[in-house]
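A.B. asks: Have a look at the structure that comes next, please.
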Amino acid sequence: MTIRLNRIAAFRRSTAGASAVEFALAAPILFLLMFGIIEFGRAWWTKNSLQYAVERAARYAVICDSNDPSTCPPSDSLVQTFASNQVNGQSVSSSQFQVTHPQLSSGQNVVCVGYSYSYAPWFVGEFAPLMSTMNFTGTSCRATAH
């Protein structure tokens, strides 16, 4: 009987495996934080890339190519295609971009290029509560020179 009690007391005092238990408790929080930071950076990068694309496309819409006067001013579909080609690191359809031509009260023509993009995080998988998408929108406008 005393041998059993000694073994139970020795088991209670043992610290073998304590690190594994601590890691098992801390790892989910660590991984959630790490993947959250990565996904936030990826979302920020996507939004900046889309904004860069519409700013370049708005400039393209108002600057005439002196080498090819037949594309002056470019059609809306050419501007949309140009914008989709300016997005870095990912494939975005030209239908995600809209070209509008509002007219100012001064009579000056303006070209606005905008985007509407549904962004979905990549690491949530089929986990339903996190499957929602974020809608990114933005616009850039330039006054025409002609």
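The values are calculated or read from the model by the stated rules, or taken from the named source; none is laboratory data. Worth saying up front: this structure is predicted, and the values here are computed from it rather than measured. Ideal geometry is used to build each Cβ from the backbone, glycine not excepted, and the neighbour counts take in all protein chains shown.
A.B. asks: Could you please let me know if residue 92 is touching a strand residue (DSSP E or B) at 6+ places or on another chain (Cβ under 8 Å), under 27 Å from residue 45 (Cβ atoms) and modelled with pLDDT under 90? Lay out the reasoning, then the answer.
C.D. replies: Numbers: touching a strand residue (DSSP E or B) at 6+ places or on another chain (Cβ under 8 Å): yes; under 27 Å from residue 45 (Cβ atoms): yes; modelled with pLDDT under 90: yes.
Spelling it out, residue 92 is indeed touching a strand residue (DSSP E or B) at 6+ places or on another chain (Cβ under 8 Å), under 27 Å from residue 45 (Cβ atoms) and modelled with pLDDT under 90.
A.B. asks: Taking the criterion of being aliphatic (A, V, I, L, M) and either more than 30 Å from residue 122 (Cα to Cα) or in contact with a helix residue (DSSP H, G or I) (Cβ under 8 Å, 6 or more places away or on another chain) (or both), would at least one residue in region 65-82 satisfy it? First the steps, then the outcome.
C.D. replies: As a first pass, look at region 65-82 and keep what is aliphatic (A, V, I, L, M): 78-79.
Next cut, either more than 30 Å from residue 122 (Cα to Cα) or in contact with a helix residue (DSSP H, G or I) (Cβ under 8 Å, 6 or more places away or on another chain) (or both) only: 78-79.
Yes, some residue in region 65-82 is aliphatic (A, V, I, L, M) and either more than 30 Å from residue 122 (Cα to Cα) or in contact with a helix residue (DSSP H, G or I) (Cβ under 8 Å, 6 or more places away or on another chain) (or both).
A.B. asks: When residues of region 1-43 are filtered for being within 37 Å of the chain's Cα centre (by Cα) and not basic (Lys, Arg), how many remain? Steps first, answer last, please.
C.D. replies: Let us first name the residues in region 1-43 that are within 37 Å of the chain's Cα centre (by Cα), namely 20-43.
Still in the list and also not basic (Lys, Arg): 20-41, 43.
Within region 1-43, residues that are within 37 Å of the chain's Cα centre (by Cα) and not basic (Lys, Arg) number 23.
A.B. asks: Condition (residue is within 30 Å of residue 33 (Cβ to Cβ), out of contact with any Pro (no Cβ under 6 Å at 6 or more places or on another chain) and either modelled with pLDDT of 90 or more or surrounded by 14 or more Cβ atoms within 10 Å (Cβ to Cβ) (or both)) applied to region 65-83: is it met by at least one residue? Talk me through it step by step, then tell me what you get.
C.D. replies: Residues of region 65-83 within 30 Å of residue 33 (Cβ to Cβ): none.
There is no residue in region 65-83 that is within 30 Å of residue 33 (Cβ to Cβ), out of contact with any Pro (no Cβ under 6 Å at 6 or more places or on another chain) and either modelled with pLDDT of 90 or more or surrounded by 14 or more Cβ atoms within 10 Å (Cβ to Cβ) (or both).
A.B. asks: Filter region 1-50 for residues that are under 30 Å from residue 132 (Cβ atoms) and either of a type in the set (Val, Ile, Thr) or not in a helix (DSSP H, G or I) (or both) and give the result.
C.D. replies: Let us first name the residues in region 1-50 that are under 30 Å from residue 132 (Cβ atoms), namely 24-50.
29, 37, 38, 46, listed by residue number.
A.B. asks: I'm trying to understand the selection: among the residues of region 71-101, which are under 24 Å from residue 135 (Cβ atoms), outside any helix (DSSP H, G or I) and in contact (Cβ under 8 Å) with a residue 24 or more places away in the chain?
C.D. replies: 87, 88, 89, 90, 92, 97, 99
A.B. asks: Quickly run through region 7-43 and pick out the residues that are acidic (Asp, Glu) and either exposed (fewer than 10 other Cβ atoms within 10 Å of the Cβ) or under 30 Å from residue 87 (Cβ atoms) (or both). Even if it seems obvious, please write down each step before you answer.
C.D. replies: Narrowing region 7-43 to residues acidic (Asp, Glu): 22, 39.
Hit for region 7-43 is 39, nothing else.
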